[in-house]
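One structure is given below, encoded as structure tokens.
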Amino acid sequence: MDASEVTRRRLLQLAGLGVGAYAASGCTASHPPPSPLPNPPVGPPSVAMRGGSFVSRFRPAATTHWSIATPVLPGRSGTDFPLALFLHGLGGDNEGIFDVLKAHEVLRRHLFIGGAPFAIASVDGGDTWWHPRADGSDSQSMLADEFVPFLGSQGYDLGRIGLFGLSMGGFGVLLLASQARLPGIRAVAAMSPAVWDRYDERIEGAFDSPSDFAAHNVFSLRPRLAAIPKRVDCGTEDELFPWVKKYASGLPGVVEGGFRTGGHDADYWRAILPDVVSFLGRHLR
């Protein structure tokens with residue numbers, strides 16, 4: 001398949017998880033504290049949803065919204081849980097992982113069967129491909145230098161961080177883990193990552209130039225993931241499948257996940273999300 005067949009427009013059609021109905025709690029810019037978690041339950045574990053927004057110096061033209069799903073466990077209060085940071089796909093936002101893929105419900109079921117507790121946090125990144133762009137936007141720096149420290153200030157455990165993302169966000173988590181900007185990374189999971197082994201200007205919007213591609217080429221950065229537990233999944237009917245398979249085959253060490261029937265769509269991501277959550281839980285324990 002030629003790279004020109006997977007254009008920005010096509011990825012928007014395939015991975016647009018941007019429309020949702022999740023209502024954030026009444027938090028405004030400059031990171032005021034979110035609403036408090038409920039009291040510890042007396043019955044099964046549950047998950048509390050909170051959210052808010054801030055104005056990032058790395059994305060000054062847009063308000064950046066965020067959402068967090070936090071375990072609420074019997075006999076335990078507070079937010080001192082490990083974190084799984086989710087990076088959304090092209091055309092998506094912080095809400096899609098919860099509104100469309102129901103990650104909070106998957107997390108609740110994970111906790112109910114005895115899985116290790118952790119929180120899931122998601123933040124708007126725009127269509128920047130999670131790396132610095134020529135227009136001055138830089139969602140990776142927003143994540144690493146603003147959002148993650150904010151989560152630490154709220155009590156979450158920054159010493160145990162998992163990364164997971166889909167499509168554009170799958171590329172983003174592989175890049176972020178490869179560049180080691182967050183010292184607490186314990187695992188990375190890429191769902192249908194939008195990766196290519198060569199630059200083509202017809203991959204609209206992903207990179208500004210050949211030099212930009214070269215600086216953020218996750219294929220050449222694969223050796224840096226040798227010590228990190230990793231999982232890569234992709235559907236065999238996905239237009240990105242040939243590149244994802246080639247990327248995964250060259251990763252050092254054990255690679256969990258794999259390839260099964262499915263496309264670049266929410267049905268496939270819903271099907272694999274419980275396994276991804278279990279993978280993150282094992283490595284964030």
| query | For residue 134 and residue 270, what does the FRET efficiency come to when R0 = 35 Å and r is the distance between their Cβ atoms, rounded to the nearest 0.05? | reply | 0.50
| query | To the nearest 10 degrees, how steeply does helix 103-112 sit against the main Cα axis of the chain, on a 0 to 90 scale? | reply | 50 degrees
| request: With everything on Cα atoms, drop me the angle between helix 168-179 and the longest principal axis of the chain, reported from 0 to 90° to the nearest 10. | output: 90 degrees
| query | Which length gain, in nm to one decimal place, applies between residue 211 and residue 145 when the Cα-Cα distance is subtracted from 0.36 nm times their residue separation? | reply | 21.3 nm
| Calculated FRET efficiency, residue 278 and residue 246, Cβ-Cβ r, R0 25 Å, to nearest 0.05? | 0.45
| field | Mean separation of Cα contacts under 8 Å, 6 or more apart, over the residue count of the chain: relative contact order % | value | 19 percent
| task | Would you order 64, 261, 236 from fewest to most other beta-carbon atoms within 10 Å of each residue's own beta-carbon? | result | 261, 236, 64
| So what's the angle, to the nearest 10 degrees on a 0 to 90 scale, between helix 266-284 and the longest Cα principal axis of the chain? | 60 degrees
| query | Most exposed first by the Cβ proxy, i.e. fewest other Cβ within 10 Å, how do 46, 167 rank? | reply | 46, 167
| field | Equivalent-ellipsoid semi-axes of the chain, from the Cα gyration tensor, Å, largest first | value | 29, 21, 17
| field | Packing-based exposure ordering (other Cβ within 10 Å, fewest first) of 112, 150, 164 | value | 112, 150, 164
| √(5λ) per eigenvalue of the Cα gyration tensor, region 209-285, largest first, Å | 22, 19, 11
| request: For residue 112 and residue 285, compute 0.36 nm times the residue count separating them, minus their Cα-Cα distance, and round to one decimal in nm. | output: 60.7 nm
| query | Can you give the convex hull volume per residue for the Cα atoms of region 108-251, as a whole number of Å³? | reply | 128 Å³
| said: Given a Förster distance of 30 Å, report the FRET efficiency between residue 236 and residue 102 from their Cβ-Cβ distance, rounded to the nearest 0.05. | reply: 0.80
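Where a number appears in this text, it was derived from the coordinates with a stated rule and is not lab data. Keep in mind the model is a prediction, meaning the values are calculated, not measured. Because the Cβ atoms are built from the backbone with ideal geometry, glycine has one as well, and the counts that use them run over all protein chains shown.
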